[in-house]
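In what follows, a structure is listed as structure tokens, so that the remarks can point back to it.
The values are calculated or read from the model by the stated rules, or taken from the named source; none is laboratory data. Remember, it's a predicted structure, so these values are computed and weren't measured experimentally. Cβ atoms come from the backbone with ideal geometry, glycine included; neighbour counts cover every protein chain shown.
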Amino acid sequence: MRKVIVKCKVRDRDRLEKKLEDIGLEFSPIYWQHDRVFVPRGYKGRSNYPRLVMRTEMHAVDEPPKYILSLRRHIEDSGVDIIEDTSIVDYEGMVRTILQLGFKQFGEVSRRREEIKMSENTMLYLDTLDDNNTIYAKIESVLDEREPAIAAKTELISTLRSFGETDVIESAYFEL
């Protein structure tokens with residue numbers, strides 16, 4: 001799946017929520033995610049190297065967690081992220097397989113997440129990172145085969161700015 005992703009540090013959560021409510025949008029209930037990020041040996045940031053992310057996701061304490069393996073690759077010259085997600089049953093077994101393939105753990109990120117479906121192809125997430133309680137707005141759009149990434153990215157940045165958010169961040173959470 002081809003996506004364009006833009007995120008920014010939220011300066012005033014209450015103001016952002018008010019602007020979204022004014023246009024009839026409301027965040028979902030909060031759920032928790034924990035990502036363990038694995039990279040190939042020789043990994044360099046800002047390159048086209050693939051990353052494997054083992055995600056644990058909990059929507060309610062009385063439900064079992066979901067485990068997801070996400071293959072993520074950011075194509076630097078186009079600004080597109082290629083993302084493929086697969087549900088996993090045996091979390092620890094998959095981690096052992098990833099390590100056997102020559103990947104190494106590079107980082108971990110825990111967050112509390114809320115989401116809004118803005119359109120058929122666009123989602124807005126509000127992520128509160130557990131390690132420092134910093135809040136980020138992340139907006140992503142799934143691209144069709146012919147849709148240019150630069151136009152989609154410009155539109156996503158414009159959307160964030162219309163909500164008063166201007167501090168765009170290019171790094172992944174585990175790199176912050």
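Details
- Residue check for Ser158: loosely packed, with under 14 Cβ neighbours inside 10 Å and under 25 Å from Val39 (Cα atoms): no
- Test: Phe106 is of a type in the set (Phe, Trp, Tyr) and either part of a strand (DSSP E or B) or surrounded by fewer than 14 Cβ atoms within 10 Å (Cβ to Cβ) (or both): yes
- Of the residues contained in the stretch 20-39, one or more are found to be more than 19 Å from Leu129 (Cβ to Cβ) and either part of a strand (DSSP E or B) or modelled with pLDDT of 95 or more (or both).
- If you filter the stretch 2-34 down to residues that are surrounded by 17 or more Cβ atoms within 10 Å (Cβ to Cβ) and β-branched (Val, Ile, Thr), you find that the one that is farthest from Arg113 (Cα to Cα) is Val4.
- Residue match in the stretch 85-97 (condition: surrounded by 12 or more Cβ atoms within 10 Å (Cβ to Cβ), in a strand (DSSP E or B), within 17 Å of the chain's Cα centre (by Cα) and modelled with pLDDT under 95): no
- Residue list for the stretch 51-106, filter: on the phi < 0 side of the Ramachandran plot, in contact with a helix residue (DSSP H, G or I) (Cβ under 7 Å, 6 or more places away or on another chain) and touching a residue at least 40 places away in the same chain (Cβ under 8 Å): Leu52, Met54, Ser78, Val80, Phe106
- Annotation: Tyr31 fulfils all but one of (1) under 18 Å from the mean Cα position of the chain (by Cα); (2) among the hydroxyl-bearing types (Ser, Thr, Tyr); (3) closer than 30 Å to Glu145 by Cα; the unmet one is (3).
- The stretch 126-149 - residue that is modelled with pLDDT under 90 and at negative phi and, of those, surrounded by the most Cβ atoms within 10 Å (Cβ to Cβ): Ala149
- Residue list for the stretch 128-143, filter: touching a residue at least 60 places away in the same chain (Cβ under 8 Å) and not basic (Lys, Arg): Thr134, Ile135, Tyr136, Ala137, Ile139, Glu140, Ser141, Val142, Leu143
- Residue match in the stretch 64-72 (condition: more than 18 Å from His34 (Cα to Cα) and either at pLDDT 95 or above or among the hydroxyl-bearing types (Ser, Thr, Tyr) (or both)): no
- Extreme residue, farthest from the chain's Cα centre (by Cα), among residues of the stretch 144-172 that are closer than 16 Å to Glu76 by Cα and in a loop (DSSP other than H, G, I, E, B): Pro148
- When the stretch 35-57 is limited to residues that are more than 16 Å from the chain's Cα centre (by Cα) and farther than 25 Å from Ala149 by Cα, the one that is surrounded by the most Cβ atoms within 10 Å (Cβ to Cβ) turns out to be Pro40.
- Filtered by the rule that a residue be part of a loop (DSSP other than H, G, I, E, B) and at pLDDT 90 or above, the stretch 42-60 gives His59, Ala60.
- Pairs with Cβ under 6 Å, 6+ apart, first in the stretch 146-160 and among the β-branched types (Val, Ile, Thr), second buried (at least 19 other Cβ atoms within 10 Å of the Cβ): Ile157/Val6
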